[in-house]
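Heads up: the structure comes next, in structure tokens.
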Amino acid sequence: MPLTIERLSLHADGVARGPEGVIHVAMALPGEVVEGDILDGRIAAPKIVTASPDRVRAPCPHYRACGGCVLQHGSDAFVAGWKADVVRQALAQRGIAAEIAAVETSPLRSRRRATFAGRRTKKGTLVGFHARASDTLVEVPGCLILRPELLSAVPALREATVLGASRKGEVGFALTLSGSGIEVAAKGGKEMDPPLFEALAGLARRHDLVRLSWNGETVAVRRPAEQSFGRARVTPPPGAFLQATAEGEAALVAFVRRAVGDAARVADLFAGCGTFALPLAERAEVHAVEGFAPMLEALDRGWRESQGLKRVTHEARDLFRRPLLPDEIDRHDAIVIDPPRAGAEAQVREIAASHCARLAYVSCNPVTFARDARLLTDAGFRLEPLIVVDQFRWSDHVELAALFLRD
């Protein structure tokens, strides 16, 4: 029976209504008419009876198998519009109208970090991404999303898989492109012992890896795995969070700079290694707060070794359990907050209760952002035009940056 796609879900599946309720349809677009076998409320391999004018031919030959992308069948304009609508609808469900000033989409071949999986097989090794909703691994030579430098590291990952994967296990390889080369942080492999340590150190040398860690233990450091945050150069701890693309980071930093304006004292909450704190220190004194102390240590070293930055202080603190209180917030002229996907409800409640009048909020989850935005608007803040930042092109992941002001 033909079904008409009404909308996309938050995971970018088409949503239709069938005789037995809601049906999710893989790789479908709104307005399309589809047919296919329904299993557990889902059509995994639909036949497109009537195509949307927004449908395009997926440019990647791995698209139907690889689970890394879910929207290559939509035009660039459609994908950008859908991501903007995800933000609008999340806010509308909380009774907040949003104006979106821009959608900043990172270009092809710009992802500078990615996590591959490695597995031993009877014929050798497999290194790639997981297929959709599956444990199957799909190799992705020529991936259109990743920086070519990351793909060039796959031979090293194959060798590491042979050395350190158990017969039935899987190793996760978090790759990050630094200013001096590729860093690999591996997890899930065999327990470290002297022969494995020696073999992995040799691998790092042969493949010129900047840094290699295994299950949290540093095996080799050949050069500092540096990242540039404004004028500062920072060496994050192995596997530390980094914005997915340089272009996306630049868009977010530029927005936060404008949002903070001429504030003389800024608090950067969930500061990480200084993505925002260090560029802001070019014009303001900054207090950086982060729960993971090694990140703050990297931030502090980067600040101390830089020229022309104003004072940066830091504090290791779990902002979920012990958020900054209003009297601490009120020592600053502006607040920057960049929480993980869970949002920052406890911290936002304290900001709402403070005298803070300027808040820049960077979010990777429109749903928790909308929840926190409701708390802020109820406390007298107004939401200024925001930007959507798409660093995870063709995925269902949506990021944004917003400015809240109150008199």
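The values are calculated or read from the model by the stated rules, or taken from the named source; none is laboratory data. Keep in mind it's a predicted model, so treat the numbers as computed, not measured. Glycine also receives a Cβ, built like all others from the backbone with ideal geometry; neighbour counts cover every protein chain displayed. Calculation scope for accessible area: heavy atoms of the full protein, side chains included, ligands and nucleic acids excluded. Shrake-Rupley method; radii C 1.70, N 1.55, O 1.52, S 1.80 Å.
Things worth noting here:
- The one condition from (1) farther than 26 Å from CYS364 by Cα; (2) modelled with pLDDT of 95 or more that VAL79 does not meet is (1).
So that you can scan it fast, the table gives a plain yes or no per residue for (1) out of contact with any Leu (no Cβ under 7 Å at 6 or more places or on another chain); (2) buried (at least 20 other Cβ atoms within 10 Å of the Cβ); (3) more than 25 Å from LEU196 (Cβ to Cβ):
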| position | (1), (2), (3) |
| --- | --- |
| GLY216 | yes, no, no |
| ALA220 | no, no, no |
| GLU226 | yes, no, yes |
| PHE229 | no, yes, yes |
| PRO238 | yes, yes, no |
| ALA251 | yes, yes, yes |
| PHE255 | yes, yes, yes |
| ALA259 | no, yes, yes |
| ALA263 | yes, yes, yes |
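- Of the listed requirements (1) touching a helix residue (DSSP H, G or I) at 6+ places or on another chain (Cβ under 7 Å); (2) over 26 Å from GLY81 (Cβ atoms); (3) buried (at least 18 other Cβ atoms within 10 Å of the Cβ), ALA342 misses just one: (3).
Let's see how each residue does on (1) in contact (Cβ under 8 Å) with a residue 60 or more places away in the chain; (2) of a type outside the set (Phe, Trp, Tyr); (3) open to solvent by 10 Å² or more (accessible area, probe 1.4 Å):
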| residue | (1), (2), (3) |
| --- | --- |
| CYS273 | no, yes, no |
| GLU290 | no, yes, yes |
| GLY302 | yes, yes, no |
| LEU324 | no, yes, no |
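- Single unsatisfied condition, TYR361 versus (1) open to solvent by less than 40 Å² (accessible area, probe 1.4 Å); (2) touching a helix residue (DSSP H, G or I) at 6+ places or on another chain (Cβ under 6 Å); (3) not in a loop (DSSP other than H, G, I, E, B): (2)
- Screening THR136 against (1) modelled with pLDDT under 95; (2) in contact with a Ser or Thr (Cβ under 6 Å, 6 or more places away or on another chain) leaves a single unmet condition, (2).
- Tally, over region 53-72, of residues that are open to solvent by less than 50 Å² (accessible area, probe 1.4 Å) and in contact with a helix residue (DSSP H, G or I) (Cβ under 8 Å, 6 or more places away or on another chain): 1
- Residues located in region 171-191, provided they are closer than 12 Å to ALA117 by Cβ and surrounded by 18 or more Cβ atoms within 10 Å (Cβ to Cβ): VAL171, PHE173, LEU175, ALA186, GLY189
- You will find that of ARG371, ARG382, the residue that is in contact with a helix residue (DSSP H, G or I) (Cβ under 7 Å, 6 or more places away or on another chain), surrounded by fewer than 23 Cβ atoms within 10 Å (Cβ to Cβ) and of a type in the set (D, E, K, R) is ARG371 and no other.
- Where ALA98 falls short, out of the listed (1) outside any loop (DSSP other than H, G, I, E, B); (2) among the hydrophobic types (A, V, I, L, M, F, W, C); (3) over 22 Å from the mean Cα position of the chain (by Cα); (4) not assigned by the TED database to the domain that holds VAL210: (1)
- Note on region 278-337: residues that are in a helix (DSSP H, G or I), over 22 Å from THR368 (Cβ atoms) and within 23 Å of the chain's Cα centre (by Cα) total 10.
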